[in-house]
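**Q** Encoded as structure tokens, here's the structure I'll be asking about.
The values are calculated or read from the model by the stated rules, or taken from the named source; none is laboratory data. Owing to the predicted nature of the structure, the values given are computational and were not obtained by experimental measurement. Using ideal geometry, Cβ is built from the backbone for each residue, glycine included, and neighbour counts are taken over all protein chains shown. Protein only, heavy atoms only, side chains kept; ligands, DNA and RNA dropped before computing areas. Shrake-Rupley method; radii C 1.70, N 1.55, O 1.52, S 1.80 Å.
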Amino acid sequence: MKKKIIILSAILFFAFACFALLPQQQSRALEADRDIDRLVKIAEQGLAQAQFNLGVAYQQGQGVKQDDTEAVKWFRRAAKQGFAEAQTNLGVMYAEGRGVAQDDAEAMEWYRKAAGQGDVKAQINLGMMYDVMQNKTEAAKWFRKAAKQGYADAQVNLGLMYAQGRGISQDGAEAVKWLRKAAEQGHVLAQYSLGMAYQRGLGVKQDGAEAVKWYRKAAEQGYASAQYSLGLTYIEAQNYAEAVKWCRKAAEQGFALAQRGLGLMYAHALGVAQDYAEAYFWLSLAAASGHEESIELRDTVAKELSQDELVETQKRAREWQTREWQPKTAGETIVD
């Protein structure tokens, strides 16, 4: 009986403790409701900043139930008053078809209004849309405007356009200039592209040490192309242990060239103990990604395995391929 009383007392204490918290929770909820109510009243009075803030609240579900249609409604009210951030967000909603029918022309119209006021996000979005439309001259124009405001994505895009001569005259020095600005902000593609520029002497004096420096910065951020390129520089320097380390990082992300390289290092005992099963495993993955040369190399290595080893390694490769990953490619770089 005493035990039951103790248990009952504990339950009652817990219940009262929970009940004691309710007024605080209710107070916070009521305060949030009051904040939204105040924001709605101010927005309805026509203040553009409040209308924009209310649109963001609906867009992100902050203090209100997430509702793209309501977000569009309030972004539009602020946008019509010339509020640049609202114009950009309204453009995004049209571009993505959120709360309105997807409409690129309408998205561009709102981006153009905001970009004309100097909104950097609108400028980069407008540049990207022109780039997709193959209007490279207009794309370069808007990337330049955003790049001059220090926006790293725009600096990378502008640098690559200079490197490749898309929409503007090809100019290696200008390419390196803009890529460096983005790279110094930590932009991974810029770091990788700058490493490539130094390795190949594109727009800058060839410098292996600088190439390694920038490859490493991108590689340490997990960029597979940079990890593989860094691995190759170590192969050239015959530092095979480091080469294996960086090729493995890229290979584990599904980067086919790195998988091939790692397979060859296992086959030839470069930086690792010779292991034909591991060599077959990585070459199989590279072959499955569509790397033609790896098919022949895989089949050559297969001759060094017993039937049991071959079956087991093939099973392991199949299991690895079912993981949730996407094959990594170099993406757009300084070189076509």
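**Q** Considering Gln199, Gln164, which residue is closer than 20 Å to Val132 by Cβ and not acidic (Asp, Glu)? First the steps, then the outcome.
**A** Values: Gln199 fails: closer than 20 Å to Val132 by Cβ.
The match here is Gln164.
**Q** Within the range 69-89, track down each residue that is closer than 18 Å to Asp119 by Cβ, of a type in the set (S, T, N, Q) and under 29 Å from the mean Cα position of the chain (by Cα).
**A** Those that are closer than 18 Å to Asp119 by Cβ, of a type in the set (S, T, N, Q) and under 29 Å from the mean Cα position of the chain (by Cα): Gln87, Thr88, Asn89.
**Q** Select the helices (runs of 4 or more DSSP H) contained entirely in the range 178-256, then report the ones holding at least 1 residues which are under 17 Å from Ala152 (Cβ atoms) and not polar (S, T, N, Q).
**A** Values: elements: 188-200, 208-219, 224-236, 240-251.
Once the helices (runs of 4 or more DSSP H) in the range 178-256 are filtered for at least 1 residues that are under 17 Å from Ala152 (Cβ atoms) and not polar (S, T, N, Q), what remains is 188-200, 208-219, 224-236.
**Q** Yes or no: the range 312-320 includes at least one residue that is surrounded by 17 or more Cβ atoms within 10 Å (Cβ to Cβ) and within 24 Å of Ala241 (Cα to Cα). Don't jump to the end; show me each part of the working.
**A** So the first thing to find is which residues in the range 312-320 are surrounded by 17 or more Cβ atoms within 10 Å (Cβ to Cβ), and the list is 313, 317.
In the following step, the residues that additionally are within 24 Å of Ala241 (Cα to Cα) were identified as 313, 317.
The answer is yes, given that some residue of the range 312-320 is surrounded by 17 or more Cβ atoms within 10 Å (Cβ to Cβ) and within 24 Å of Ala241 (Cα to Cα).
**Q** Output the number of residues of the range 91-101 satisfying the condition of being more than 24 Å from Gly116 (Cα to Cα) and either without any contact (Cβ under 8 Å) to a residue 12 or more places away in the chain or in a helix (DSSP H, G or I) (or both).
**A** Summing the residues that are more than 24 Å from Gly116 (Cα to Cα) and either without any contact (Cβ under 8 Å) to a residue 12 or more places away in the chain or in a helix (DSSP H, G or I) (or both) in the range 91-101 gives 1.
**Q** Hey, another quick one. Does any residue in the range 181-194 that is in contact (Cβ under 8 Å) with a residue 12 or more places away in the chain come within less than 7 Å, Cβ to Cβ, of a residue that is open to solvent by less than 10 Å² (accessible area, probe 1.4 Å) and hydroxyl-bearing (Ser, Thr, Tyr) six or more places away or on a different chain, and which pairs are these?
**A** Close Cβ pairs satisfying both conditions: Tyr192/Tyr215; Tyr192/Ser225.
**Q** Still on this structure, please answer the following. With respect to Ile168, determine if the residue is open to solvent by less than 10 Å² (accessible area, probe 1.4 Å) and free of Cβ contacts under 8 Å to residues at least 60 places away in the same chain. First the steps, then the outcome.
**A** On the way: open to solvent by less than 10 Å² (accessible area, probe 1.4 Å): no; free of Cβ contacts under 8 Å to residues at least 60 places away in the same chain: yes.
Judged against the criteria, Ile168 is not a match.
**Q** In addition: Testing Glu296 on (1) open to solvent by 40 Å² or more (accessible area, probe 1.4 Å); (2) among the acidic types (Asp, Glu); (3) under 14 Å from Ala317 (Cβ atoms), one condition comes back false. Which one is that?
**A** For Glu296, the failing item is (3).
**Q** Against the conditions (1) open to solvent by 50 Å² or more (accessible area, probe 1.4 Å); (2) at pLDDT 95 or above; (3) more than 18 Å from Met196 (Cβ to Cβ), where does Arg216 fall short? Just the number, please.
**A** For Arg216, the exception is condition (3).
**Q** Restrict the check to the range 78-90 and report whether at least one residue is surrounded by fewer than 19 Cβ atoms within 10 Å (Cβ to Cβ) and assigned to a helix (DSSP H, G or I).
**A** The initial filter retains those residues of the range 78-90 that are surrounded by fewer than 19 Cβ atoms within 10 Å (Cβ to Cβ), namely 80-82.
If we keep only those that are assigned to a helix (DSSP H, G or I) as well, we get none.
Within the range 78-90, not a single residue is surrounded by fewer than 19 Cβ atoms within 10 Å (Cβ to Cβ) and assigned to a helix (DSSP H, G or I).
**Q** Can you tell me which residue within the range 226-274, out of those that are without any contact (Cβ under 8 Å) to a residue 60 or more places away in the chain and within 20 Å of the chain's Cα centre (by Cα), is surrounded by the fewest Cβ atoms within 10 Å (Cβ to Cβ)?
**A** Our first condition is that a residue be without any contact (Cβ under 8 Å) to a residue 60 or more places away in the chain; within the range 226-274, this holds for 226-249, 251-252, 257-274.
Next, only the ones that are within 20 Å of the chain's Cα centre (by Cα) stay: 226-229, 249, 251-252.
Numbers: Ala226: 28, Gln227: 29, Tyr228: 28, Ser229: 27, Lys249: 22, Ala251: 26, Glu252: 19.
Per the criteria, the residue is Glu252.
**Q** Considering Gly195, Gly201, which residue is of a type outside the set (Phe, Trp, Tyr) and either in contact with a strand residue (DSSP E or B) (Cβ under 8 Å, 6 or more places away or on another chain) or open to solvent by less than 30 Å² (accessible area, probe 1.4 Å) (or both)? Full working, then the answer.
**A** Working: Gly201 fails: either in contact with a strand residue (DSSP E or B) (Cβ under 8 Å, 6 or more places away or on another chain) or open to solvent by less than 30 Å² (accessible area, probe 1.4 Å) (or both).
The conditions single out Gly195.
**Q** So in the range 32-64, with the set limited to residues that are farther than 11 Å from Arg77 by Cα, part of a loop (DSSP other than H, G, I, E, B) and open to solvent by less than 90 Å² (accessible area, probe 1.4 Å), which one is modelled with the lowest pLDDT?
**A** Looking at residues that are farther than 11 Å from Arg77 by Cα, part of a loop (DSSP other than H, G, I, E, B) and open to solvent by less than 90 Å² (accessible area, probe 1.4 Å), I get Gly63.
**Q** Take the conditions within 30 Å of Ser193 (Cβ to Cβ) and modelled with pLDDT of 95 or more and apply them to Leu305. Does it pass? Spell out the reasoning first.
**A** On the way: within 30 Å of Ser193 (Cβ to Cβ): no; modelled with pLDDT of 95 or more: yes.
Answer is no for this residue.
**Q** Do you know which residues across the range 98-117 are open to solvent by 30 Å² or more (accessible area, probe 1.4 Å) and either under 16 Å from Phe143 (Cβ atoms) or of a type in the set (Gly, Ala, Ser) (or both)? Quick ask: steps written out before the conclusion?
**A** Step one: list which residues in the range 98-117 are open to solvent by 30 Å² or more (accessible area, probe 1.4 Å), which gives 98-106, 109, 112-113, 116-117.
Selection gives Gly99, Ala101, Ala105, Arg112, Gly116.
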